[in-house]
Amino acid sequence: MRPVRYVSEVLAQDAFHSGPHDMATLMENLHSTHKDSMSEKDLDAFTNFAKHRNALREFMFTGVEKDVATREHKKLLFLEYHASQRIKILTRTFLKIYNPNVFLCTISSAINLTVKNGLWRRPSRQWSSVLLDEASMIPEATLIALCSRFQQARYTLVGDSKQLPPYVGVRDVPKAVALCSQSVLDVAHRMGNAPVCKVSTVYRPHAGLMMINSEFFYDNKLQCGTPTSSRQNLLSRLKMPNPEVPFVFLNVIGHSVK
């Protein structure tokens, strides 16, 4: 498996949201990981790219004007659609050398990156499967756009129709509301010709909390996959001052990112 994940440059600046399979990270390390598969010209190009990315990172994190980029720094930014011609050439070369077979991104990025002259236009023609997570929040119109873009792919929708529905920001256009307010899961369920796997076991909530959801939304058919005895890591170390008040507030060390 050779996965590649696309994230915007804003998220890439945050170490908590970046990973080893991000496209920018893979491209930055390509001169080391795939040195034997490169020509001397490509090796020099990706070596310089890594140096420039490192310089940009230092500027963004330690520069005096942290939120201001000069014209020279803007050339180094890894943008979605308005990427420089140099970045586009490097990206095409990266895709040929790394040859990814799993592409991870948001729906909007998938559409933007596969337009004419988009960074992922060429490899997207070979996509045979599209896996959509949190499908309860995907509007019907969005799935129509994806199906028209990737016509040969098989689609798998992963989600729970009992959870959050699509967000509708426009209320005064009836047709837009009709298309954007319907979850693709509800549409598929209503058609009745798509195979469905029902939720039966959950692992995150405590068994007591799960019972409420099970009773109100799942006809008492949910089961808790994590027994109460396995949830004692915190309580075994924390003394509750008042057994009659089963609440405790913990200060979690960290920081928020806008």
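The values are calculated or read from the model by the stated rules, or taken from the named source; none is laboratory data. What you see is a predicted model; the values in this text were computed from it and never measured. Cβ sites come from the backbone with ideal geometry, for glycine too, and all protein chains shown count toward neighbours.
Brief remarks follow.
- Of all residues in the range 124-138 being at pLDDT 90 or above and not small (Gly, Ala, Ser), the one that is surrounded by the fewest Cβ atoms within 10 Å (Cβ to Cβ): 133
- Residue identified as more than 19 Å from the chain's Cα centre (by Cα), not assigned by the TED database to the domain that holds residue 52 and not in a helix (DSSP H, G or I) among 122, 171: 171
- The criterion of at least 2 residues that are at pLDDT below 95 and over 26 Å from residue 122 (Cβ atoms) is met, among helices (runs of 4 or more DSSP H) falling completely within the range 30-102, by 40-62, 71-74.
Okay, residues lined up against (1) surrounded by 10 or more Cβ atoms within 10 Å (Cβ to Cβ); (2) under 23 Å from residue 156 (Cβ atoms); (3) of a type in the set (Gly, Ala, Ser); (4) modelled with pLDDT of 85 or more:
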{"residue": "205", "(1), (2), (3), (4)": "yes, no, no, yes"}
{"residue": "211", "(1), (2), (3), (4)": "yes, no, no, yes"}
{"residue": "214", "(1), (2), (3), (4)": "yes, no, yes, yes"}
{"residue": "223", "(1), (2), (3), (4)": "yes, no, no, yes"}
{"residue": "226", "(1), (2), (3), (4)": "yes, no, no, yes"}
{"residue": "229", "(1), (2), (3), (4)": "no, no, yes, no"}
{"residue": "246", "(1), (2), (3), (4)": "no, no, no, no"}
{"residue": "254", "(1), (2), (3), (4)": "no, no, yes, no"}
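- For residue 213: the one exception among (1) closer than 16 Å to residue 136 by Cβ; (2) assigned by the TED database to the domain that holds residue 144: (2)
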